[in-house]
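Since the structure comes first, as structure tokens, the remarks are kept for the end.
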Amino acid sequence: MTQGTDICPKCGSSDWKLPRHVRTRGVTSAATADLNIITCNKCGFTELYELTEEELAPINKKAGMIFIFAAVVPTLIGIGVSIWLIWG
Ligand SMILES: [Zn+2]
């Protein structure tokens, strides 16, 4: 992908919106795909690019952090409150 210099195949414009990251999942499969959506500002033509491993690394790291805050922290708080109720 040579973002910024690409010419829209539909209208010839080189004015693209910034890539937007989407994670999509098959209906019958658990496999997911991480894609960048790039849309032409002029005519709305949209291209999909699969993210590279390099681009995915920080996203997966972030997802891991969200998991920790969404699942691990409340569990620890729950354990803490239980101990407090028993011993306090
Ligand atoms: Zn276009």
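Rule-based calculations on the coordinates, nothing more; no lab input. Quantities reported herein were computed from a predicted structural model and do not represent experimental measurements. Reconstructed Cβ throughout: ideal geometry from the backbone, glycine too, with neighbour counts over all protein chains shown.
Quick notes on this one:
- Cα-based equivalent ellipsoid, the chain: semi-axes from gyration tensor eigenvalues, Å: 44, 14, 11
- In the chain, taking the dipole from charged Cβ atoms about the Cα centre, the farthest positive-side position among 78, 26, 36 is held by 78.
- The modelled label-to-label distance for the pair residue 87/residue 42, using points 7 Å beyond Cα in the direction of Cβ, is 6.9 nm.
- Tilt relative to the chain, helix 73-87 - C-alpha long axis, 0 to 90 degrees, to 10: 10
- When each of the peptides 64-70, 31-37 is scored by how many other beta carbons lie within 10 Å of its residues on average, the order from highest to lowest is 31-37, 64-70.
- Estimated [θ] at 222 nm from DSSP helical runs (n ≥ 4, -39500 (n - 2.57)) normalised by residues in the chain, nearest 500: -11000 deg cm²/dmol
- In this calculation the C-beta distance from residue 79 to residue 30 is compared with R0 = 25 Å, giving a FRET efficiency of 0.25.
- Computed over the range 18-63, the P(r) tail beyond 13 angstrom holds 62 percent of alpha carbon pairs.
- Environment charge at residue 48 (Cβ cut-off 13 Å; Lys +1, Arg +1, Asp -1, Glu -1): -1
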